[in-house]
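Values in this text are rule-based calculations from the coordinates and carry no lab data. What you see is a predicted model, and the numbers here were worked out from it, not measured in a lab. With ideal geometry, Cβ positions are generated from the backbone for all residues, glycine too; neighbour counts draw on all protein chains shown.
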Amino acid sequence: MRRFLLSFVLLVSAGYAQPANPPKGELLWPGGAPGAQGTEDIDKPTLAAYPVPAGRGTGAAVIVCPGGGYQGLSMDKEGDQIARWLNSLGVTSFVLKYRLGPKYHHPVELGDAQRAIRTVRSKAAEYRIMPDRIGIMGFSAGGHLASTAGTHFDAGDSGAADPIDRLSSRPDFLVLCYPVISFTDHPHQGSRRNLLGENPDPKLVENLSNEMQVTAQTPPTFLFHTTTDATVPVENSVMFYSALRKAGVPAELHIYERGPHGVGLAQTDEALSSWPARLADWLRVRGLLNSAAR
């Protein structure tokens, strides 16, 4: 029976893992991104929409941040495949192509993520989603970006000329998958170097060690990691979970005994392939999958 269920999960996942073509990303700033250092694709952050057909949506949305050490982006395994799996739950999804180091450093990447959150919020009616059900999800360094968005946000600028900038950049929930969290304790040195440069200000390093930035206003969070992750130590997720618990923020952490870094949906691993189901359970418990079809 267990093998049958695993085969079924893999079959369903495969349907979302092998699309003909990913949707085209739309420019986050059609008139040119602030701080752009050129006009190539790497200078143009985009957001690709994966809408749920009318009548099948839950009203929830997730912005997906692929990983890649702030130097590359795993757009298939940690982007397109994830967005299509979320679609299978009735969750409208968006894959963020954010700018990268070493060409771009903080706060450019955070600015891209914040703009993505504001943009999705501004298009809530268009995508039949609720503006207070918009989460951000990240893998590895994308998890660092997502956790940064969840600990560094603002209510928007009410006087901004661009109506998108008037909206809040706070995500309503976080999903962090084998995330980079800290730049001071068990850090991933490549992510730190690509985001902050070779000799960053110690105060900036601390400010972007997100386990130190959790407050009661940090959004509810789901985390998953593996003990044997040799790239980003599991302590990153443990520290963030502990900080959330101390701050009274609802959180759920799943640590698997075995598994490498960068597994995505982990479709071929009998144990790890259960993590998406645990996430679906958490979203359901949070009430994010239970609204009337939209």
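Data table
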quantity: GluC sites (Glu not before Pro) lying in DSSP loop within the stretch 164-228, provided at most 15 other Cβ fall within 10 Å; calculated: Glu198
quantity: Residues of type lysines that Lys203 reaches as a straight line, Cα spacing below 28 Å, ignoring anything fewer than 8 places off in the same chain; calculated: Lys97, Lys103, Lys246
quantity: Among Glu109, Glu235, Glu126: highest mean-square fluctuation, GNM of the chain, C-alpha pairs under 10 Å; calculated: Glu126
quantity: Extreme residue, positive dipole direction of the stretch 94-187, given options Thr119, Pro102, Ser158 (C-beta unit charges); calculated: Thr119
